[in-house]
Amino acid sequence: MTRRYLDMNQHDALYTVARKYPGGVDALAKELDISPNVLRNKLAPTIFSHYPSFEEVSRIVECCHNAGLPDAHLPLHALLVRHGMAAFVVPQPNLAQQDDLSQTVCRVMSEVGAVAEAVSDALRDGVVTAVEADLIEREFHAALSALGAWRARLRGQDEAGLH
């Protein structure tokens, strides 16, 4: 039976993101200056004798983010979900100013709609599966990021005196 990796399980998410690094786990291990076999063991959700340290997790996420992987922060989101918390990427002011405010608002509404759609689909049969809950969490975090961008845009306009 093939194991299903969940995005909102921090171990699964770290493993999945690291495997997507350009060149795979071998290239990531070289970047981190550790043995590829040691890194594979630390990343494998089913190996309980090896774990990455906080610093290693942080460096893996950082390397994946710097490599442009869109889901690089997913392990951090999954960790926070486990503890009943949520986070969003804080937009950089120079990036937030590249579009107009109406586009940001539309993006927020679209992301909130995606959350509502995921919840509606999951509740259709009256049972929310682990896979459906995982998707809802992903959509929720995307909506939070869009809200954060909206907030940054509004703050940017306020600071610029454009109210």
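Here are some notes:
- Segment 10-82: equivalent-ellipsoid semi-axes (sqrt of 5 x gyration tensor eigenvalues, Cα, Å): 16, 15, 10
- Neighbour cut-off at most 10 other Cβ (10 Å), DSSP loop, GluC sites (Glu not before Pro), segment 105-143: none
- Helical mean residue ellipticity (222 nm; -39500 (n - 2.57) per DSSP H run of 4+; nearest 500) of the chain: -20500 deg cm²/dmol
- Scanning the chain for trypsin sites (Lys or Arg not before Pro) that sit in a DSSP loop and have at most 13 other Cβ atoms within 10 Å, the longest stretch containing none of them is 5-123.
- Residues M85, M8, M109, ranked from the fewest to the most other C-beta atoms within 10 Å, line up as M85, M109, M8.
- Folded to 0 to 90 degrees: helix 101-123 orientation relative to the chain principal axis, Cα: 50 degrees
Values quoted throughout were computed directly from the atomic coordinates according to the rules given, and no laboratory measurement underlies them. These figures come from a predicted structure and were not determined experimentally. All Cβ positions, glycine included, derive from the backbone under ideal geometry; neighbour counts span all protein chains shown.
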